[in-house]
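Read the structure below first, then the notes.
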Amino acid sequence: MRKSVPSAQERQANSSWRGAAYCAYLASVDLIRVTSRAPSTNNKLVAGYSRQLETYKGAEETTRGFYVVLDVGGMGQKDQQLIALKNRMAGDGHPVSPIIFIDGARRPSASKLK
């Protein structure tokens, strides 16, 4: 059982790209989901899936987590490496979390289109 629930301010502070790269979402007292986010330009993107996310899940005393990758360019082969790592971990019987890719390419603002 969790000892303390982070405040909304703590969760917001932890969601910063420059600060800690995880958020804990509390859906109920018994269900906590951890999200680790990383931009595609991060050199340690692949390692973060197996190391950071599991550390965050342990810190929040949960088994539920998501790894969110914001594709802002510079992805290279990292997406394929992440999927291969997840499949290898699952094949070895290790816990795996879903990987979510988000297209973060800049687009013209809909409010400024004519």
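The values are calculated or read from the model by the stated rules, or taken from the named source; none is laboratory data. Since the structure is predicted, the reported quantities are computational estimates derived from the model, not experimental observations. All Cβ positions, even for glycine, are placed from backbone atoms using ideal geometry, and neighbour counts span all protein chains on display.
When the range 98-114 is filtered for residues that are modelled with pLDDT of 90 or more and assigned to a loop (DSSP other than H, G, I, E, B), only P98 remains.
Looking at A24 and the list (1) within 21 Å of N87 (Cβ to Cβ); (2) at pLDDT below 85; (3) of a type in the set (A, V, I, L, M, F, W, C); (4) in contact with a Lys or Arg (Cβ under 7 Å, 6 or more places away or on another chain), which single condition is not satisfied? With respect to (1) within 21 Å of N87 (Cβ to Cβ); (2) at pLDDT below 85; (3) of a type in the set (A, V, I, L, M, F, W, C); (4) in contact with a Lys or Arg (Cβ under 7 Å, 6 or more places away or on another chain), A24 is out only on (1). Selection of first residues in the range 50-73 that are farther than 18 Å from S40 by Cβ and of second residues that are assigned to a helix (DSSP H, G or I), restricted to Cβ pairs under 7 Å at least 6 apart or on distinct chains, gives the following pairs, ordered by first then second residue: T63/K57; G65/L53; G65/Y56; G65/K57. The sole residue among G74, G58 that is farther than 16 Å from I100 by Cα and either in contact with a strand residue (DSSP E or B) (Cβ under 8 Å, 6 or more places away or on another chain) or in a loop (DSSP other than H, G, I, E, B) (or both) is G74.
Within the range 44-60, is even one residue in contact with a helix residue (DSSP H, G or I) (Cβ under 9 Å, 6 or more places away or on another chain), surrounded by fewer than 12 Cβ atoms within 10 Å (Cβ to Cβ), modelled with pLDDT under 90 and under 29 Å from R107 (Cβ atoms)? Yes, that holds for at least one residue. Among the residues examined, G48 does not qualify as in a strand (DSSP E or B) and small (G, A, S). Looking only at residues of the range 87-114 that are under 21 Å from the mean Cα position of the chain (by Cα) and among the aliphatic types (A, V, I, L, M), we find that the one that is surrounded by the most Cβ atoms within 10 Å (Cβ to Cβ) is V96.
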